[in-house]
Amino acid sequence: MLGLAKGLSYTLKNLTRKKVTYDYPNEPLPVPDRFRGIQKFYPEKCIVCNQCANICPTECIQLTGKKHPDPNKKGKIIDTYDINFEICILCDLCTEVCPTEAIIMTNNFELAEYSRDELFKNLEWLDENDENIRKVNKA
Amino acid sequence: MVEDLLHSSAGWLNFGIFFLLAVVLLLVVLGFVTYAILAERKVMGYMQMRHGPNQVGGRWGLLQTVADVLKLLLKEDVIPKLADRPLFIIAPVIAFAPAFMVLATIPFTDKFQFADIGVGLLYYIAVSGITTVGIVTGAWASNNKYALLGGMRAAAQMISYEIPLIMSVVGVVLLSGSLNLNDIVEAQKNGWFIVWQPIGFIVFFIAAVAELNRVPFDLPEAESELIAGFHIEYSGFRWAFFMLAEYVYFFAMAALITVLFLGGWLPLPFLGFIPGAVWFALKFTAVVFILLWFRSTFPRVRADQLMEFGWKVLLPIALANIFLTALIMELVKLF
Amino acid sequence: MSGEKDLEQLKKEAAAKAKAAALAKMKEKEQVESKEETAAADLDIAKQKAAAAAKAKAAALAKMKEKEQVESKEETVAADLDIAKQKAAAAAKAKAAVLAKMKEKEQVESKEETAAADLDIAKQKAAAAAKAKAAALAKMKEKEQVESKEETAAADLDIAKQKAAAAAKAKAAAAAKAKAAALAKQSDAAGDDEKAKAIAAAKAKAAAAAKAKAVASAKAGGGAGDDEKAKAIAAAKAKAAAAAAAKAKAAGGKVEAEPAEESKPSPNQPYLDKYVKVIEENLGQDVLEDYYINSLSKDVPTLVAKRESYFKVAEFLKYNEQLGFDYLSEIHGTDFETHMEVYVHLYSYRNRQSVALKVKIDRNEPTIESLQPLWAGADWPECEAYDLLGIRFTGHPNLHRIMLGEEWVGHPLRKDYEPYDVEV
Amino acid sequence: MIRTEEMLLNVGPQHPSTHGVFRLVVKIDGEIITEAKPVIGYLHRGTEKLAENLQYTQIIPYTDRMDYLSAMTNNYVICHAVETMMGIEIPERAEYLRVMAMELGRVASHLVSWGTFLLDLGATSPFIFAFREREMIINMLNELSGARLTFNYMRVGGVKWDAPEGWVEKVKEFIPYMREQLVGYHQLVTGNEIFMNRVKGVGVYSKEDAINYSLSGPTLRCTGVKWDLRKDEPYSIYDRFDFNVVTREEGDAWARYHVRLEEIEESLKILEQAVEQFPAEGEILAKVPKIIKAPKGEAFVRIESPRGEIGCYIASDGKKEPYRLKFRRPSFYNLQILPKLLKGENMANMIAILGGIDIVLGEVDG
């Protein structure tokens, strides 16, 4: 009986303790800066080196480049850039390999959609996703 | 008032009055159930350092249960193909009806009681046993193995704990000399029976928790073992009936404990100016709170240990309690 | 940039088709390296004039032939035969690879060097044989299989023609050395650049070629160690050289394991000696196929049992007083394409010692005794090996497809697994 | 004439107490189990097959998803295997970060195990309390690695991120807090008579059985085998810390419960020392080639995860992808003894036994 009473006193004490839950949808969840959320993409920085597409473990990044419009300049610029968030696991490897930090993580993590097709994000969407951008991207 | 009506001649008018009163009581009970569920969730939430419902109906979530009930009403009525249809449909009713019937004998105050019958206590215990029939019926009719196991557990548990439950109140009956609940309350003028019958109270309380199928004796619906036990195949309003029955019993049992051991509507000394109804409500709330407190603290008892505990511990103690009470009464009479 | 004109010339002559293919290939991420190797290897081959070499190689390849690989293999063989007859084909191929490489931004400098060198060779030769080239290109795309094949083939050729492969053949030596260096000195960060540099450097230093040759042949011995038949050929001639090379880091092959121990005795060597001694005393000399210290795996003593004595050895390991391996830590199978292997990691709580027991089994008929009667813990892992690799464990009480279900077609961890789809 | 009949009952794959998609086909006579047959594979994702086409760095996020309750140890085991093969020395600071991350993960994992075990037994509150503390750990690991569960934190040769500012202090503050909470846990549960009756003498197996069935971790130590890879085959820098290997002799669910709770205390001890010894500065990533290639050959390493011995076998042919990758997944091995334990037990004990083994289905199914 003593054990039962001890347990009861423990729960009774908790009645008045501070609540530990988050008021989540009403207040945004505080996340640390390193948090890996949905990517933000800077098309102007991209040099179409394909490293992000190569390192991606789930092969969710597809990109194509085109010749630089300015004939004097060498290299390529990005034409299309798609991330399929159905299979993206937000592992951070794409930002890790990117030599120009053209793709970086944000702290946004809400990605619920009513249709699977909407999880296929293109260059424009990723470009516009510019809130809560992670400050430090490389260790 | 009720007394007069009971003795008046049968007629449509009287029937109408009774019917109306019954509906009122039903609404009161439903109101209680609504807020008992809310209270349960709130108390558990607070004990677990969270808020509980706080979305529907202000920050206290006052309309949460209402919303839940509405949702249940709107749900599709699913009856499994291989279920025993008539029994499946009637089972929730069998389970719920007695729960409501027992409320008739409970004296909430000295004036507010529906049926002041001489064998009120016996009536309560006898009628409340019928619910188990409903549970077993529903369990069997569902044609589901988990449900069957839950139903069997419910039956075994009812049989094992009904006996200590009755035996433990025999002491009270001996002391008050009556089975009438009003008389029992009146007999506590000199001190509540929790003081005179501490052993009886403890046995009764444990057995009552078991009768209510509440933690730590919630074996018939043991969520982690049998998923939902006897009502696993029920959904929508049929399921709500089982829940309703459970919570109405919760209400009735808390009221019965108040009446039997906590002196019903009787006030504490020198506090007689507070009306009886308030006293009853306070004591009643205390009992409810303890049950909720148990729920958020204890793990579940195992089936075989439950049986062992009922037969090998509670029953002998209850019998000894009767013997002791009788002995002391005789000794008191002698001197 | 001196090769610029030559490049244009050659594009017209030989690389018209190859270029298109090479450009397409550029997008294939991981192939650069293997291409280089293939190209280098082909150059090596191209320098062999004798038709006998091609014959020997064809034989070696045929030995490794697996049923599912027939098609690609035939291509390979055909291509190689052609190459052996014509120098030009390989040169063109090399050029194609070089062109592909040129487009890679980081490597521009070193690659152009290589390209220039290659162009010189290419000029000497006749117009490219389009057919051979096409076959070679197709081959390049199958990176893994071809690479390993080429390695072995090239190595075999080297051995067969050790005299013929003179130091003057700087290119072959350079490629071989680069490869050897990359594989042997992994920890020294052998990046692509470094390898390219190695090619260039080795070209200049003809003297180094002889040494590189030895390394290459040593490695061939190691590589061949995985292959029973190739081993028979290679080991006979190259064993002495291999031991001398003593590339401990390439110790996957058994050939090198023992010399490696000599150079740096492992702390676990006494245990291995003890196990082997006890086993040989009690079960006879011929139960173990091989034994060595696996220096890559925290120096764990590794025993390779013979197929027929596997259960006997395992039983002995468990019940012998001095060994007492009462705990089975891990059992799984691996498909090595030439054979299946079952790897068992045992531990003795009494002696606080580990041992790894391996057994090679026939890939076409992968059947082996179950260890479940000895260690109850082998039950599910063996089911898993059966499910994913198709290894049948005889004497297992309940061998079933534990992960995928009985209706699954094929064994996914086999290297030749093709997903079965009802709708296709 | 009363006739009894045995029923075949499917427990799972959707069942609140199977901790995931695990199915158990039990034959019951009344409530007594006469035969139990576990069915697994519902969460099989073919990690080992996928890994054959992935570079070593790319495999690390996949390991997060095996034992998702202690992803740090999974991260570690694959990195450790590759590092062992390549002979890489890990910088000291990285080692300390790894150890701290792993030990925090161990505490979190045992907390979940504790909470769910009691939830299985019908007590709802401990689960919430355990998650309260776990949330703090997860927040710390989130700050460190950028994710709450699938950390993808370790790299071959070190770790991805250095400790953020103030992180080590947070760990330091957490240790006394957790100790205090542990006292509360014991108050709430350990002495509870109902609980003791539920777990004492339930699911007993002997030392010999445990070894024979290849059990590891708390399921092995509860029988009195003093075996912890951190102590007995020290990897990383565990030989620098002073801690005990917790064992119990009973071999029942009660012993397993105690071993786990006391292991939390030992982990806190390690954390305390790690915080003390944490080097003020230093590299967090060793010099490794840009493209990691394990040398030709094979290696099998094993380390101590919260659930037992997690091992990683790599057969490499010198390429940047492993030729064959195999994980020795402790839950998979630990679960094998279940049919034997369940024979003759009733339904309630079944839950207690399963909860006591503490499986993670992601790991069972690989």
Given the conditions (1) within 14 Å of chain B (Cβ to nearest Cβ); (2) in contact with a helix residue (DSSP H, G or I) (Cβ under 8 Å, 6 or more places away or on another chain), and given that D:Pro13 satisfies all but one, which numbered condition is not satisfied? (2)
Residue check, D:Leu118 in a helix (DSSP H, G or I), under 20 Å from the mean Cα position of the chain (by Cα) and within 20 Å of D:Pro164 (Cα to Cα): no
Consider B:Gly310 carefully, then state whether it is of a type in the set (Gly, Ala, Ser) and assigned to a loop (DSSP other than H, G, I, E, B). no
Just give me the residues in the range A:61-93 being at the interface with another protein chain (Cβ under 10 Å from one of its Cβ atoms), within 18 Å of D:Gln58 (Cα to Cα) and either without any contact (Cβ under 8 Å) to a residue 24 or more places away in the chain or in a helix (DSSP H, G or I) (or both), in sequence order. A:Leu93
Examine the range D:86-103 for a residue that is part of a helix (DSSP H, G or I) and facing another protein chain (nearest Cβ under 9 Å), and state whether such a residue exists. yes
Considering each residue of the range C:283-328, count those that are aromatic (Phe, Trp, Tyr) and either in a loop (DSSP other than H, G, I, E, B) or farther than 16 Å from C:Leu272 by Cα (or both), and give that number. 5
Within the range D:307-332, take every residue that is touching a Leu at 6+ places or on another chain (Cβ under 7 Å) and not in a strand (DSSP E or B) and give me the one that is nearest to the other protein chains (Cβ to nearest Cβ). D:Gly318
Within the range D:124-150, tally of residues that are touching a Phe, Trp or Tyr at 6+ places or on another chain (Cβ under 6 Å) and within 30 Å of D:Ala348 (Cβ to Cβ): 1
Is it the case that the range D:223-245 has a residue that's away from chain C (no Cβ under 12 Å) and under 21 Å from D:Gly355 (Cβ atoms)? no
Mind listing whichever residues of the range B:45-64 are of a type in the set (Phe, Trp, Tyr) and at pLDDT below 85? B:Trp60
Among the candidates A:Glu96, A:Glu110, A:Glu118, single out the residue that is closer than 17 Å to D:Ala147 by Cα and free of Cβ contacts under 8 Å to residues at least 12 places away in the same chain. A:Glu110
Looking only at the range C:298-357, count how many residues are among the aliphatic types (A, V, I, L, M) and in contact with a His (Cβ under 6 Å, 6 or more places away or on another chain). 1
Of the residues that sit in the range D:108-118 and are in contact with a helix residue (DSSP H, G or I) (Cβ under 8 Å, 6 or more places away or on another chain) and either buried (at least 24 other Cβ atoms within 10 Å of the Cβ) or free of Cβ contacts under 8 Å to residues at least 24 places away in the same chain (or both), which one is nearest to D:Leu141 (Cα to Cα)? D:Ala108
Restricting to the range B:259-292, what's the tally of residues that are outside any loop (DSSP other than H, G, I, E, B), more than 24 Å from B:Asp116 (Cα to Cα) and free of Cβ contacts under 8 Å to residues at least 40 places away in the same chain? 2
Residues satisfying the stated conditions in the range D:143-167, i.e. surrounded by fewer than 20 Cβ atoms within 10 Å (Cβ to Cβ) and either assigned to a helix (DSSP H, G or I) or more than 8 Å from chain A (Cβ to nearest Cβ) (or both): D:Arg148, D:Leu149, D:Glu165, D:Gly166, D:Trp167
So, first residue farther than 10 Å from B:Phe88 by Cβ in the range B:127-148, second residue in a helix (DSSP H, G or I) and acidic (Asp, Glu), Cβ within less than 8 Å, six or more apart or across chains; the pairs are B:Ser128/B:Glu211; B:Gly129/B:Glu162
If you take the residues in the range A:60-78 that are of a type in the set (D, E, K, R) and exposed (fewer than 14 other Cβ atoms within 10 Å of the Cβ), which one is nearest to D:Pro61 (Cα to Cα)? A:Lys66
Has the range A:23-39 got any residue that is outside any loop (DSSP other than H, G, I, E, B) and more than 9 Å from chain D (Cβ to nearest Cβ)? yes
Taking A:Lys18, is it over 16 Å from the mean Cα position of the chain (by Cα), more than 24 Å from A:Phe109 (Cα to Cα) and either not basic (Lys, Arg) or not in a loop (DSSP other than H, G, I, E, B) (or both)? no
Out of all the residues in the range D:294-306, which are touching a residue at least 60 places away in the same chain (Cβ under 8 Å), in a loop (DSSP other than H, G, I, E, B) and facing chain C (nearest Cβ under 7 Å)? D:Pro295
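For every residue, the table says whether it meets (1) surrounded by fewer than 18 Cβ atoms within 10 Å (Cβ to Cβ); (2) more than 16 Å from the chain's Cα centre (by Cα).
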{"site": "B:Phe108", "(1), (2)": "no, no"}
{"site": "B:Ala126", "(1), (2)": "yes, no"}
{"site": "B:Asn143", "(1), (2)": "yes, yes"}
{"site": "B:Ala147", "(1), (2)": "no, yes"}
{"site": "B:Val169", "(1), (2)": "no, no"}
Would you mind finding the one in B:Leu179, B:Leu226, B:Leu219 that is in contact (Cβ under 8 Å) with a residue 40 or more places away in the chain, out of contact with any Cys (no Cβ under 9 Å at 6 or more places or on another chain) and more than 14 Å from every other protein chain (Cβ to nearest Cβ)? B:Leu179
Any chance D:Gly41 is in a loop (DSSP other than H, G, I, E, B), out of contact with any Lys or Arg (no Cβ under 9 Å at 6 or more places or on another chain) and at positive phi: no
What is the number of the single condition among (1) within 14 Å of chain C (Cβ to nearest Cβ); (2) more than 30 Å from D:Asp29 (Cβ to Cβ); (3) in a helix (DSSP H, G or I); (4) not small (Gly, Ala, Ser) that D:Lys340 does not meet? (2)
Could you identify the single residue in B:Ile163, B:Ile194, B:Ile184 that is touching a residue at least 60 places away in the same chain (Cβ under 8 Å), at negative phi and buried (at least 22 other Cβ atoms within 10 Å of the Cβ)? B:Ile184
Does D:Met140 count as hydrophobic (A, V, I, L, M, F, W, C) and more than 11 Å from every other protein chain (Cβ to nearest Cβ)? no
Residue under evaluation C:Tyr347, criteria (1) in contact with a strand residue (DSSP E or B) (Cβ under 7 Å, 6 or more places away or on another chain); (2) surrounded by fewer than 21 Cβ atoms within 10 Å (Cβ to Cβ); (3) hydroxyl-bearing (Ser, Thr, Tyr), criterion not met: (2)
Yes or no: the range D:27-46 includes at least one residue that is closer than 27 Å to C:Ile402 by Cα, in contact with a Leu (Cβ under 9 Å, 6 or more places away or on another chain) and without any contact (Cβ under 8 Å) to a residue 40 or more places away in the chain. yes
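The values are calculated or read from the model by the stated rules, or taken from the named source; none is laboratory data. Source: prediction; values computed, not measured. A quick note on method: Cβ atoms are made from the backbone with ideal geometry, for glycine too, and the neighbour counts reach across all protein chains shown.
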